[in-house]
Amino acid sequence: MASKIRFLLPFVLISFFTCAQTKDSLSITTQTFKINDSTEYTYSRPKFIDLIRYIPDDLVGFGKFTIQKENLKWDALAIGSTLAIIPYDQKILEDSEKVGRRIGGWDRLSRYKRVLGIEIVPTSISSGVYYFGNGNTTLLLSGFFYAVGKIGKDDYRALNTSSELIEVLLSVGVATQTIKRISGRQSPIAATQDGGAWHPFTSFTAFASDTPNYDAMPSGHIATYVATLAVIATNYPEIKWIKPVGYTLGTALAFNMVSGKVHWASDYPIAILLGYVIGKNAADRRITKTTKNSDIIPHQTKYKTS
């Protein structure tokens, strides 16, 4: 996966750089988009440097989130659910494998056909599902929003979304790789005991030479997927199908990786929290929200599904 990202990322960065250079002579403007009768989102034109300039803020922002009093409940939920699931990881894995074998086209190993030297075309249902959490998918979505933003006229919302997707891909990568080296948990495929052995604070040499032996927790695929979904859903809240479809595909991805012995179920809660916070912060940072006086009173619910 890392080699694929290294191959594709320069092309995405070059396209942004070219756009930024072309636009340098234009004055900075903003665009406003109507979300509903009472809310508008205003965006500034994104700059090339935005792809990387906010990565430190993303990481620091996640750290701040975890220690803020009002967010301790989410920390407790993520850590508590992780600890609660760990004793049942082996059972969940075995049951998921059985279900996976009964589903047609659900191979344990994900395989892809090469296009222009890149393994990108899924060869089975499970391969396609597994690709949802791949960094290449985030890159492709970034390219899609960039194209949408440039067709006809500059669409600052689409261009910012494209930029944010690259940003969270890099930020999540740094965060998950750091935590993986701290936890040092065996992936199911390499497990030497039920639930996998733990090797905290793995050395860089050991991690690089035998990655599956140390890289299970947290799931980088799930964190990347959740961050990607959070960015798109935050920028396009008026498109109501994004979240339910996104949650459904995310659930399929989570099942796919357990049944395929890529991850334990307990690798997910911390990954979900990390991906959501980084994705949400990255998107909110570039949005100026304006709420107008309206006779329409939004329906209030006691609990928020976020």
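FYI, it's all coordinate maths here, none of it is from the lab. Note that the structure is a prediction, hence the values are computed from the model and not measured. Cβ placement follows ideal geometry from the backbone for every residue including glycine, while neighbour counts extend to all protein chains displayed.
One table, with the values for the structure above:
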{"quantity": "Entries in LYS243/LYS280; LYS91/LYS261; LYS153/LYS240 that, when Cα-Cα distance is taken, lie over 18 Å", "calculated": "LYS153/LYS240"}
{"quantity": "Under 17 Å from LYS292, Cα to Cα: aspartates and glutamates that are on another chain or at least 8 residues apart", "calculated": "ASP37, GLU40, GLU238"}
{"quantity": "Using a Förster distance of 22 Å, the FRET efficiency for LYS240-LEU140 (Cβ separation, nearest 0.05)", "calculated": "0.40"}
{"quantity": "Gained length - PHE204 relative to GLU40, 0.36 nm times residue gap less alpha-carbon distance", "calculated": "54.4 nm"}
{"quantity": "Rounded Å value of the spacing that divides the Cα centres of the range 149-198 and the range 209-258", "calculated": "9"}
{"quantity": "Ordering of 69-81, 30-42 by burial proxy (mean other Cβ atoms within 10 Å per residue, highest first)", "calculated": "30-42, 69-81"}
{"quantity": "Label-to-label distance, nm, for residues given as LYS47 and THR211 (7 Å Cα→Cβ offset)", "calculated": "3.4"}
{"quantity": "Debye equation applied to the C-alpha atoms of the range 165-306, log10 I(q)/I(0) at 0.15 Å⁻¹", "calculated": "-0.79"}
{"quantity": "Charge context of ILE85, other residues only, Cβ under 12 angstrom, K/R +1, D/E -1", "calculated": "-1"}
{"quantity": "Net length gained if the chain between LYS73 and ARG102 were fully extended (0.36 nm per residue, minus Cα distance)", "calculated": "6.6 nm"}
